[in-house]
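Okay, so here's the structure we're looking at.
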Amino acid sequence: MADHAQALAAEIQPVESTAVQEPAPLPVEHWSLGLRIAFRFCVAYFTLFGLSNQILGGLFVIPKLNIPELSAFWPLRHITFWTAAHVFRIKRDLVYTGSGSGDKTFDWVLAFCLLVIAAAVTCVWSILDRRRENYVTFHKWFRLALRFMLASEMFLYGVAKAIPLQMPFPYLSRLLEPYGNFSPMAVLWSSVGASHSYEIFTGFAETLGGILLLMPRTTTLGALVCLADMIQVFTLNMTYDVPVKLFSFHLILFSLFLLAPDIRRLLDFFFTDRIVAPSQQPPLFRSLRANRMAVIFQVAFGLYLMGMGIYSGIDAWHQYGEGRPKPSLYGIWNVEEMSIDGQIHPPLLTDKDRWRRIIFDFQSFASFQRPDDSLTGFGSAINDKDKSLTLTKGSDKNWKANFTYARPATDQLELNGSMDGHQVQMKLKLLDRDKFTLVNRGFHWINEYPFQR
(Lines give C-alpha, C1' and ligand atoms only; values in the text may rest on other atoms or scores of the structure.)
Protein backbone atom coordinates (compact mmCIF):
# COMPACT_ATOMS: atom_id res chain seq x y z
CA MET A 1 0.00 0.00 0.00
CA ALA A 2 2.86 2.33 0.81
CA ASP A 3 4.58 1.50 -2.47
CA HIS A 4 1.41 2.35 -4.36
CA ALA A 5 1.16 5.76 -2.62
CA GLN A 6 4.77 6.58 -3.48
CA ALA A 7 4.20 5.72 -7.14
CA LEU A 8 1.11 7.88 -7.26
CA ALA A 9 3.04 10.79 -5.72
CA ALA A 10 5.79 10.39 -8.33
CA GLU A 11 3.22 10.63 -11.14
CA ILE A 12 1.59 13.73 -9.66
CA GLN A 13 4.85 15.60 -8.95
CA PRO A 14 5.82 16.43 -12.58
CA VAL A 15 2.37 17.83 -13.21
CA GLU A 16 2.69 20.19 -10.28
CA SER A 17 6.21 21.34 -11.31
CA THR A 18 5.17 22.24 -14.85
CA ALA A 19 2.09 24.22 -13.93
CA VAL A 20 1.97 27.73 -15.53
CA GLN A 21 2.09 30.44 -12.92
CA GLU A 22 0.98 34.02 -13.36
CA PRO A 23 3.95 36.47 -13.43
CA ALA A 24 4.19 38.68 -10.42
CA PRO A 25 3.18 42.29 -11.19
CA LEU A 26 6.10 44.67 -11.52
CA PRO A 27 6.43 47.17 -8.70
CA VAL A 28 5.29 50.68 -9.53
CA GLU A 29 8.28 53.01 -9.82
CA HIS A 30 8.04 55.87 -7.37
CA TRP A 31 9.42 59.29 -8.31
CA SER A 32 10.21 61.75 -5.57
CA LEU A 33 8.09 64.87 -5.29
CA GLY A 34 10.99 67.07 -6.41
CA LEU A 35 11.62 64.91 -9.47
CA ARG A 36 7.97 64.98 -10.49
CA ILE A 37 7.78 68.76 -10.13
CA ALA A 38 11.04 69.24 -12.06
CA PHE A 39 9.78 67.01 -14.86
CA ARG A 40 6.49 68.91 -15.13
CA PHE A 41 8.34 72.22 -15.31
CA CYS A 42 10.77 70.96 -17.97
CA VAL A 43 7.91 69.64 -20.10
CA ALA A 44 6.01 72.93 -19.85
CA TYR A 45 8.99 75.23 -20.43
CA PHE A 46 10.75 73.26 -23.19
CA THR A 47 7.46 72.83 -25.06
CA LEU A 48 6.71 76.55 -24.89
CA PHE A 49 10.24 77.43 -25.91
CA GLY A 50 10.23 75.01 -28.86
CA LEU A 51 6.94 76.40 -30.15
CA SER A 52 7.99 80.03 -29.81
CA ASN A 53 11.10 80.09 -32.02
CA GLN A 54 12.87 78.49 -34.98
CA ILE A 55 12.77 74.94 -33.56
CA LEU A 56 9.23 74.45 -34.82
CA GLY A 57 10.32 75.29 -38.37
CA GLY A 58 13.36 73.05 -38.00
CA LEU A 59 11.16 70.03 -37.27
CA PHE A 60 8.90 70.58 -40.28
CA VAL A 61 11.30 71.46 -43.05
CA ILE A 62 9.62 72.16 -46.37
CA PRO A 63 11.66 73.62 -49.26
CA LYS A 64 10.81 77.23 -50.11
CA LEU A 65 8.49 77.45 -47.10
CA ASN A 66 9.38 79.20 -43.85
CA ILE A 67 7.23 78.34 -40.86
CA PRO A 68 6.89 81.54 -38.80
CA GLU A 69 7.84 81.67 -35.14
CA LEU A 70 4.74 81.63 -32.97
CA SER A 71 6.19 84.30 -30.69
CA ALA A 72 5.44 86.85 -33.42
CA PHE A 73 1.69 86.18 -33.13
CA TRP A 74 -1.07 86.46 -30.57
CA PRO A 75 -1.03 85.72 -27.67
CA LEU A 76 2.73 85.40 -27.04
CA ARG A 77 3.61 88.68 -28.76
CA HIS A 78 0.99 90.62 -26.85
CA ILE A 79 1.95 89.01 -23.53
CA THR A 80 5.59 89.91 -24.19
CA PHE A 81 4.79 93.51 -25.12
CA TRP A 82 2.61 93.93 -22.01
CA THR A 83 5.31 92.45 -19.75
CA ALA A 84 8.00 94.67 -21.27
CA ALA A 85 5.90 97.79 -20.72
CA HIS A 86 4.40 97.08 -17.30
CA VAL A 87 6.93 94.81 -15.58
CA PHE A 88 10.28 95.98 -16.98
CA ARG A 89 9.14 99.55 -17.75
CA ILE A 90 10.50 99.48 -21.30
CA LYS A 91 9.07 102.43 -23.20
CA ARG A 92 10.56 101.94 -26.68
CA ASP A 93 9.05 99.76 -29.38
CA LEU A 94 10.40 96.21 -29.35
CA VAL A 95 11.93 94.63 -32.46
CA TYR A 96 10.57 91.11 -32.70
CA THR A 97 11.18 90.01 -36.32
CA GLY A 98 13.62 90.54 -39.14
CA SER A 99 16.72 91.64 -37.24
CA GLY A 100 18.61 88.34 -37.36
CA SER A 101 19.46 88.59 -33.66
CA GLY A 102 18.38 86.01 -31.11
CA ASP A 103 19.23 88.24 -28.16
CA LYS A 104 16.80 91.09 -28.74
CA THR A 105 15.05 92.73 -25.81
CA PHE A 106 11.93 90.97 -27.05
CA ASP A 107 13.65 87.56 -26.77
CA TRP A 108 14.79 88.13 -23.19
CA VAL A 109 11.39 89.37 -22.09
CA LEU A 110 9.77 86.44 -23.91
CA ALA A 111 12.04 84.00 -22.05
CA PHE A 112 10.92 85.57 -18.76
CA CYS A 113 7.26 85.21 -19.81
CA LEU A 114 7.79 81.55 -20.74
CA LEU A 115 9.38 80.89 -17.35
CA VAL A 116 6.40 82.44 -15.56
CA ILE A 117 3.87 80.57 -17.71
CA ALA A 118 5.74 77.29 -17.25
CA ALA A 119 5.84 77.84 -13.48
CA ALA A 120 2.07 78.46 -13.44
CA VAL A 121 1.41 75.36 -15.55
CA THR A 122 3.62 73.34 -13.19
CA CYS A 123 1.66 74.50 -10.15
CA VAL A 124 -1.73 73.66 -11.66
CA TRP A 125 -0.45 70.35 -13.04
CA SER A 126 1.04 69.39 -9.67
CA ILE A 127 -2.27 70.04 -7.90
CA LEU A 128 -4.44 68.19 -10.41
CA ASP A 129 -2.05 65.26 -10.81
CA ARG A 130 -0.65 65.08 -7.27
CA ARG A 131 -1.40 61.37 -6.79
CA ARG A 132 0.59 60.14 -9.78
CA GLU A 133 3.60 58.04 -8.77
CA ASN A 134 5.72 58.64 -11.86
CA TYR A 135 5.83 59.80 -15.48
CA VAL A 136 7.76 56.89 -16.95
CA THR A 137 5.59 56.59 -20.06
CA PHE A 138 5.27 60.33 -20.58
CA HIS A 139 9.02 60.76 -20.08
CA LYS A 140 10.02 58.31 -22.81
CA TRP A 141 7.78 60.03 -25.36
CA PHE A 142 8.77 63.54 -24.36
CA ARG A 143 12.41 62.47 -24.45
CA LEU A 144 11.85 61.26 -28.02
CA ALA A 145 10.40 64.66 -28.99
CA LEU A 146 13.30 66.49 -27.35
CA ARG A 147 15.82 64.29 -29.16
CA PHE A 148 14.46 65.42 -32.51
CA MET A 149 14.13 69.05 -31.40
CA LEU A 150 17.83 69.07 -30.57
CA ALA A 151 18.83 66.98 -33.59
CA SER A 152 17.03 69.33 -35.98
CA GLU A 153 19.06 72.30 -34.73
CA MET A 154 22.32 70.34 -34.81
CA PHE A 155 21.60 69.50 -38.47
CA LEU A 156 20.67 73.12 -39.23
CA TYR A 157 23.87 74.63 -37.83
CA GLY A 158 26.08 71.65 -38.61
CA VAL A 159 25.23 71.52 -42.30
CA ALA A 160 25.57 75.33 -42.57
CA LYS A 161 29.17 74.96 -41.39
CA ALA A 162 30.00 71.76 -43.25
CA ILE A 163 29.10 73.23 -46.67
CA PRO A 164 30.47 75.93 -45.50
CA LEU A 165 27.94 78.73 -45.44
CA GLN A 166 27.42 80.17 -41.97
CA MET A 167 30.88 81.73 -41.85
CA PRO A 168 31.87 82.50 -45.48
CA PHE A 169 35.36 83.42 -46.55
CA PRO A 170 35.77 87.19 -45.91
CA TYR A 171 34.01 89.21 -48.58
CA LEU A 172 35.92 91.73 -50.66
CA SER A 173 34.85 94.62 -48.44
CA ARG A 174 36.13 92.74 -45.37
CA LEU A 175 39.55 92.46 -46.98
CA LEU A 176 39.68 96.25 -47.15
CA GLU A 177 38.08 97.18 -43.85
CA PRO A 178 40.54 98.08 -41.06
CA TYR A 179 40.78 95.34 -38.44
CA GLY A 180 40.13 97.84 -35.68
CA ASN A 181 36.70 98.55 -37.15
CA PHE A 182 35.63 94.92 -36.79
CA SER A 183 33.13 93.99 -34.10
CA PRO A 184 34.10 90.99 -31.95
CA MET A 185 31.56 88.91 -33.89
CA ALA A 186 33.06 90.04 -37.20
CA VAL A 187 36.50 88.97 -35.95
CA LEU A 188 35.14 85.49 -35.13
CA TRP A 189 33.20 85.17 -38.40
CA SER A 190 36.16 86.27 -40.49
CA SER A 191 38.71 84.08 -38.71
CA VAL A 192 36.55 80.95 -38.90
CA GLY A 193 35.51 81.76 -42.48
CA ALA A 194 39.15 82.14 -43.48
CA SER A 195 39.73 78.48 -42.54
CA HIS A 196 37.22 76.33 -44.37
CA SER A 197 38.82 73.16 -43.01
CA TYR A 198 38.17 74.19 -39.40
CA GLU A 199 34.63 75.33 -40.16
CA ILE A 200 33.87 72.04 -41.94
CA PHE A 201 35.30 70.11 -38.98
CA THR A 202 33.02 71.91 -36.52
CA GLY A 203 30.09 71.37 -38.89
CA PHE A 204 30.69 67.63 -38.99
CA ALA A 205 31.01 67.56 -35.19
CA GLU A 206 27.59 69.20 -34.80
CA THR A 207 26.04 66.99 -37.48
CA LEU A 208 27.47 63.89 -35.78
CA GLY A 209 25.71 64.84 -32.56
CA GLY A 210 22.41 65.07 -34.44
CA ILE A 211 22.95 61.71 -36.17
CA LEU A 212 23.67 59.93 -32.88
CA LEU A 213 20.44 61.29 -31.42
CA LEU A 214 18.41 59.46 -34.06
CA MET A 215 18.80 56.01 -32.50
CA PRO A 216 17.84 55.08 -28.92
CA ARG A 217 21.05 53.11 -28.32
CA THR A 218 23.28 56.05 -29.22
CA THR A 219 21.19 58.81 -27.62
CA THR A 220 23.45 59.16 -24.59
CA LEU A 221 26.57 59.44 -26.74
CA GLY A 222 24.78 61.87 -29.04
CA ALA A 223 23.72 64.03 -26.10
CA LEU A 224 27.34 64.09 -24.86
CA VAL A 225 28.59 65.17 -28.30
CA CYS A 226 25.86 67.83 -28.53
CA LEU A 227 26.71 69.06 -25.04
CA ALA A 228 30.39 69.44 -25.95
CA ASP A 229 29.49 71.17 -29.24
CA MET A 230 27.06 73.59 -27.66
CA ILE A 231 29.31 74.46 -24.74
CA GLN A 232 31.92 75.54 -27.28
CA VAL A 233 29.32 77.49 -29.28
CA PHE A 234 27.90 79.13 -26.17
CA THR A 235 31.40 80.09 -25.01
CA LEU A 236 32.16 81.71 -28.38
CA ASN A 237 28.82 83.51 -28.31
CA MET A 238 29.57 84.87 -24.85
CA THR A 239 33.18 85.87 -25.51
CA TYR A 240 32.67 87.30 -29.03
CA ASP A 241 29.26 88.88 -28.34
CA VAL A 242 27.43 86.75 -30.90
CA PRO A 243 23.67 87.36 -30.54
CA VAL A 244 22.69 83.68 -30.18
CA LYS A 245 23.56 83.40 -26.49
CA LEU A 246 20.03 82.70 -25.29
CA PHE A 247 19.28 80.06 -27.90
CA SER A 248 22.59 78.19 -27.61
CA PHE A 249 22.18 78.07 -23.82
CA HIS A 250 18.83 76.35 -24.27
CA LEU A 251 20.40 73.74 -26.53
CA ILE A 252 22.79 72.99 -23.66
CA LEU A 253 19.75 72.52 -21.40
CA PHE A 254 18.21 70.14 -23.95
CA SER A 255 21.41 68.06 -23.94
CA LEU A 256 21.49 67.95 -20.14
CA PHE A 257 17.84 66.82 -20.01
CA LEU A 258 18.63 63.93 -22.33
CA LEU A 259 21.64 62.99 -20.21
CA ALA A 260 19.82 63.23 -16.87
CA PRO A 261 18.60 59.58 -16.70
CA ASP A 262 22.16 58.34 -17.27
CA ILE A 263 24.00 60.72 -14.96
CA ARG A 264 24.69 58.03 -12.34
CA ARG A 265 25.96 55.61 -14.96
CA LEU A 266 28.22 58.29 -16.46
CA LEU A 267 29.62 59.18 -13.04
CA ASP A 268 30.33 55.50 -12.36
CA PHE A 269 32.04 55.14 -15.74
CA PHE A 270 34.28 58.20 -15.49
CA PHE A 271 34.92 58.63 -11.77
CA THR A 272 34.51 55.30 -9.93
CA ASP A 273 35.64 51.70 -10.20
CA ARG A 274 32.10 50.37 -9.97
CA ILE A 275 30.60 48.31 -12.75
CA VAL A 276 28.32 50.44 -14.93
CA ALA A 277 24.76 49.17 -14.78
CA PRO A 278 22.79 48.72 -18.01
CA SER A 279 20.49 51.45 -19.16
CA GLN A 280 17.11 51.54 -17.47
CA GLN A 281 15.40 53.49 -20.26
CA PRO A 282 12.17 51.67 -21.18
CA PRO A 283 11.41 51.00 -24.85
CA LEU A 284 8.62 52.91 -26.54
CA PHE A 285 6.48 49.80 -27.06
CA ARG A 286 6.14 46.38 -25.47
CA SER A 287 6.64 44.27 -28.58
CA LEU A 288 10.02 43.83 -30.24
CA ARG A 289 8.52 44.30 -33.69
CA ALA A 290 6.92 47.63 -32.79
CA ASN A 291 10.19 48.91 -31.32
CA ARG A 292 12.09 47.93 -34.45
CA MET A 293 9.58 49.79 -36.59
CA ALA A 294 9.90 52.81 -34.27
CA VAL A 295 13.69 52.85 -34.70
CA ILE A 296 13.31 52.67 -38.49
CA PHE A 297 10.87 55.58 -38.40
CA GLN A 298 13.18 57.63 -36.16
CA VAL A 299 16.16 57.09 -38.43
CA ALA A 300 14.09 57.84 -41.54
CA PHE A 301 12.71 61.05 -40.06
CA GLY A 302 16.16 62.10 -38.92
CA LEU A 303 17.64 61.46 -42.35
CA TYR A 304 14.80 63.53 -43.82
CA LEU A 305 15.72 66.44 -41.54
CA MET A 306 19.39 66.14 -42.45
CA GLY A 307 18.58 65.78 -46.16
CA MET A 308 16.42 68.89 -46.12
CA GLY A 309 19.20 70.72 -44.31
CA ILE A 310 21.69 69.71 -46.99
CA TYR A 311 19.27 70.69 -49.74
CA SER A 312 18.62 74.11 -48.19
CA GLY A 313 22.32 74.64 -47.56
CA ILE A 314 23.32 73.85 -51.13
CA ASP A 315 20.56 76.12 -52.42
CA ALA A 316 21.77 78.94 -50.16
CA TRP A 317 25.38 78.31 -51.25
CA HIS A 318 24.38 79.00 -54.84
CA GLN A 319 22.20 81.99 -53.95
CA TYR A 320 24.33 84.02 -51.56
CA GLY A 321 27.24 81.79 -50.55
CA GLU A 322 30.58 81.45 -52.27
CA GLY A 323 28.91 79.63 -55.14
CA ARG A 324 26.69 82.63 -55.90
CA PRO A 325 26.73 84.25 -59.36
CA LYS A 326 29.32 87.01 -59.50
CA PRO A 327 28.61 90.37 -61.19
CA SER A 328 30.39 91.07 -64.45
CA LEU A 329 32.35 93.87 -62.75
CA TYR A 330 33.33 91.62 -59.83
CA GLY A 331 36.37 92.78 -57.94
CA ILE A 332 37.98 95.63 -56.02
CA TRP A 333 38.47 98.71 -58.18
CA ASN A 334 40.84 101.48 -57.14
CA VAL A 335 39.63 104.94 -58.17
CA GLU A 336 42.73 106.42 -59.78
CA GLU A 337 41.05 109.56 -61.10
CA MET A 338 37.72 111.19 -60.24
CA SER A 339 36.05 114.42 -61.34
CA ILE A 340 32.79 115.93 -60.12
CA ASP A 341 31.08 118.52 -62.35
CA GLY A 342 34.28 118.78 -64.35
CA GLN A 343 36.50 119.42 -61.35
CA ILE A 344 39.18 116.80 -60.57
CA HIS A 345 39.25 115.68 -56.94
CA PRO A 346 42.66 114.49 -55.72
CA PRO A 347 42.71 111.61 -53.19
CA LEU A 348 42.63 113.69 -50.02
CA LEU A 349 41.59 112.15 -46.69
CA THR A 350 39.48 115.23 -45.94
CA ASP A 351 37.48 115.07 -49.19
CA LYS A 352 34.21 113.32 -48.32
CA ASP A 353 32.95 113.58 -51.90
CA ARG A 354 35.84 111.58 -53.28
CA TRP A 355 35.78 107.77 -53.54
CA ARG A 356 38.83 105.62 -53.01
CA ARG A 357 37.54 102.25 -54.14
CA ILE A 358 34.42 100.57 -55.51
CA ILE A 359 33.73 96.94 -54.63
CA PHE A 360 31.46 94.74 -56.72
CA ASP A 361 30.93 91.48 -54.84
CA PHE A 362 27.20 90.77 -55.26
CA GLN A 363 24.91 91.16 -58.25
CA SER A 364 22.57 93.57 -56.49
CA PHE A 365 24.91 95.34 -54.08
CA ALA A 366 28.04 97.47 -54.34
CA SER A 367 30.27 99.10 -51.71
CA PHE A 368 32.08 102.42 -52.02
CA GLN A 369 35.10 103.16 -49.85
CA ARG A 370 36.11 106.70 -48.96
CA PRO A 371 39.70 107.91 -48.42
CA ASP A 372 39.25 107.48 -44.65
CA ASP A 373 38.48 103.74 -45.22
CA SER A 374 34.78 104.09 -44.30
CA LEU A 375 32.39 102.03 -46.45
CA THR A 376 28.99 102.94 -47.88
CA GLY A 377 26.66 100.42 -49.48
CA PHE A 378 24.39 100.94 -52.49
CA GLY A 379 21.95 98.79 -54.36
CA SER A 380 23.38 98.12 -57.81
CA ALA A 381 22.12 96.87 -61.15
CA ILE A 382 24.59 96.15 -63.94
CA ASN A 383 23.29 95.88 -67.48
CA ASP A 384 25.98 94.21 -69.57
CA LYS A 385 24.05 94.72 -72.78
CA ASP A 386 23.74 98.49 -72.43
CA LYS A 387 27.00 98.83 -70.48
CA SER A 388 25.16 100.70 -67.75
CA LEU A 389 25.31 100.81 -63.97
CA THR A 390 22.46 102.02 -61.74
CA LEU A 391 22.91 102.71 -58.04
CA THR A 392 20.20 103.20 -55.43
CA LYS A 393 20.17 104.09 -51.75
CA GLY A 394 17.71 102.27 -49.51
CA SER A 395 17.53 105.09 -46.98
CA ASP A 396 16.70 107.72 -49.61
CA LYS A 397 14.32 106.76 -52.42
CA ASN A 398 14.94 110.06 -54.22
CA TRP A 399 18.68 109.44 -54.46
CA LYS A 400 19.90 107.89 -57.71
CA ALA A 401 22.99 107.40 -59.81
CA ASN A 402 23.23 106.29 -63.43
CA PHE A 403 26.49 105.50 -65.20
CA THR A 404 27.67 104.07 -68.44
CA TYR A 405 30.85 102.07 -68.25
CA ALA A 406 33.63 100.97 -70.53
CA ARG A 407 36.49 98.50 -70.02
CA PRO A 408 39.47 99.49 -72.17
CA ALA A 409 41.31 96.52 -70.65
CA THR A 410 40.47 93.66 -68.35
CA ASP A 411 41.89 95.50 -65.35
CA GLN A 412 40.60 98.96 -66.32
CA LEU A 413 37.16 100.51 -65.88
CA GLU A 414 35.72 103.93 -66.80
CA LEU A 415 32.46 105.28 -65.35
CA ASN A 416 30.66 108.32 -66.75
CA GLY A 417 27.27 109.59 -65.56
CA SER A 418 25.32 111.38 -62.88
CA MET A 419 25.31 110.77 -59.14
CA ASP A 420 22.94 112.60 -56.81
CA GLY A 421 22.51 115.44 -59.32
CA HIS A 422 26.24 115.82 -60.12
CA GLN A 423 28.16 114.78 -63.21
CA VAL A 424 30.80 112.25 -62.22
CA GLN A 425 33.61 110.62 -64.19
CA MET A 426 35.93 107.98 -62.78
CA LYS A 427 38.85 105.93 -64.02
CA LEU A 428 39.48 102.76 -62.04
CA LYS A 429 42.01 99.94 -61.94
CA LEU A 430 41.34 96.40 -60.75
CA LEU A 431 43.12 95.33 -57.57
CA ASP A 432 44.27 91.71 -57.69
CA ARG A 433 42.46 89.87 -54.89
CA ASP A 434 45.09 87.16 -54.81
CA LYS A 435 47.69 89.64 -53.56
CA PHE A 436 46.06 89.68 -50.11
CA THR A 437 48.03 87.51 -47.68
CA LEU A 438 44.81 86.10 -46.23
CA VAL A 439 43.91 84.83 -49.70
CA ASN A 440 47.28 83.52 -50.92
CA ARG A 441 48.90 82.35 -47.68
CA GLY A 442 47.56 78.79 -47.73
CA PHE A 443 48.72 75.95 -45.49
CA HIS A 444 52.34 75.13 -44.57
CA TRP A 445 53.70 72.11 -42.75
CA ILE A 446 56.95 73.97 -42.11
CA ASN A 447 57.05 77.48 -40.68
CA GLU A 448 60.41 78.94 -39.83
CA TYR A 449 58.87 81.89 -38.02
CA PRO A 450 55.55 81.82 -36.12
CA PHE A 451 54.26 85.09 -37.59
CA GLN A 452 55.63 84.63 -41.09
CA ARG A 453 53.52 86.44 -43.64
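The values are calculated or read from the model by the stated rules, or taken from the named source; none is laboratory data. Quantities reported herein were computed from a predicted structural model and do not represent experimental measurements. Here Cβ is always computed from backbone atoms with ideal geometry, including for glycine, and neighbour counts include all displayed protein chains. The area values use the complete protein model at the heavy-atom level, side chains included, leaving out ligands, DNA and RNA. Shrake-Rupley method; radii C 1.70, N 1.55, O 1.52, S 1.80 Å.
One table, with the values for the structure above:
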read-out: Matching residues in region 47-64 - criterion: being open to solvent by 80 Å² or more (accessible area, probe 1.4 Å) and closer than 27 Å to Trp141 by Cβ; value: Phe60, Ile62
read-out: Tabulated pairs, region 407-432, first without any contact (Cβ under 8 Å) to a residue 12 or more places away in the chain and closer than 17 Å to Lys387 by Cβ, second charged (D, E, K, R) and surrounded by 14 or more Cβ atoms within 10 Å (Cβ to Cβ), C-beta under 8 angstrom, 6+ apart or interchain; value: Arg407/Glu414; Pro408/Glu414
read-out: Selection status of Arg324, in contact with a helix residue (DSSP H, G or I) (Cβ under 8 Å, 6 or more places away or on another chain) and closer than 30 Å to Leu65 by Cβ; value: yes
read-out: Matching option when the condition is more than 18 Å from Ile344 (Cβ to Cβ), over 32 Å from the mean Cα position of the chain (by Cα) and at pLDDT 95 or above, among Ala409, Ala401; value: Ala409
read-out: Residue in region 88-103 that is touching a helix residue (DSSP H, G or I) at 6+ places or on another chain (Cβ under 8 Å), open to solvent by less than 70 Å² (accessible area, probe 1.4 Å), part of a helix (DSSP H, G or I) and not charged (D, E, K, R) present; value: no
read-out: Test: Arg274 is surrounded by fewer than 16 Cβ atoms within 10 Å (Cβ to Cβ), touching a helix residue (DSSP H, G or I) at 6+ places or on another chain (Cβ under 7 Å) and among the charged types (D, E, K, R); value: yes
read-out: Helices (runs of 4 or more DSSP H) fully within region 239-329 counting 1 or more residues that are of a type outside the set (Asp, Glu) and touching a Pro at 6+ places or on another chain (Cβ under 9 Å); value: 263-271, 288-319
read-out: Any hit, region 218-235, residues being touching a residue at least 12 places away in the same chain (Cβ under 8 Å), under 19 Å from Ala186 (Cα atoms) and either touching a Phe, Trp or Tyr at 6+ places or on another chain (Cβ under 7 Å) or open to solvent by less than 60 Å² (accessible area, probe 1.4 Å) (or both); value: yes
read-out: Single unsatisfied condition, Ala151 versus (1) under 23 Å from Leu188 (Cα atoms); (2) in contact with a Gly (Cβ under 7 Å, 6 or more places away or on another chain); (3) in contact (Cβ under 8 Å) with a residue 60 or more places away in the chain; value: (1)
read-out: Considering residues of region 291-327 that are open to solvent by 50 Å² or more (accessible area, probe 1.4 Å) and small (Gly, Ala, Ser) only, the residue nearest to Arg147 (Cα to Cα); value: Ala300
read-out: Sole residue being touching a residue at least 40 places away in the same chain (Cβ under 8 Å) and open to solvent by 40 Å² or more (accessible area, probe 1.4 Å), chosen from Asp373, Asp353, Asp361; value: Asp373
read-out: Subset of region 330-373 [aromatic (Phe, Trp, Tyr) and either on the phi > 0 side of the Ramachandran plot or not in a loop (DSSP other than H, G, I, E, B) (or both)]; value: Trp333, Phe360, Phe362, Phe365, Phe368
read-out: Residues of region 160-187 that turn out to be closer than 25 Å to Leu375 by Cα, aliphatic (A, V, I, L, M) and in contact with an Asp or Glu (Cβ under 9 Å, 6 or more places away or on another chain), as a count; value: 6
read-out: Segments classed as helices (runs of 4 or more DSSP H), wholly inside region 135-211, with at least 1 members that are aromatic (Phe, Trp, Tyr), open to solvent by less than 40 Å² (accessible area, probe 1.4 Å) and out of contact with any Ser or Thr (no Cβ under 8 Å at 6 or more places or on another chain); value: 136-162
read-out: Selection within region 277-286 - open to solvent by 60 Å² or more (accessible area, probe 1.4 Å) and more than 13 Å from Thr220 (Cβ to Cβ); value: Pro283, Phe285, Arg286
read-out: Criterion violated by Phe378 - all others in (1) buried (at least 17 other Cβ atoms within 10 Å of the Cβ); (2) among the hydrophobic types (A, V, I, L, M, F, W, C); (3) more than 36 Å from the chain's Cα centre (by Cα) satisfied; value: (3)
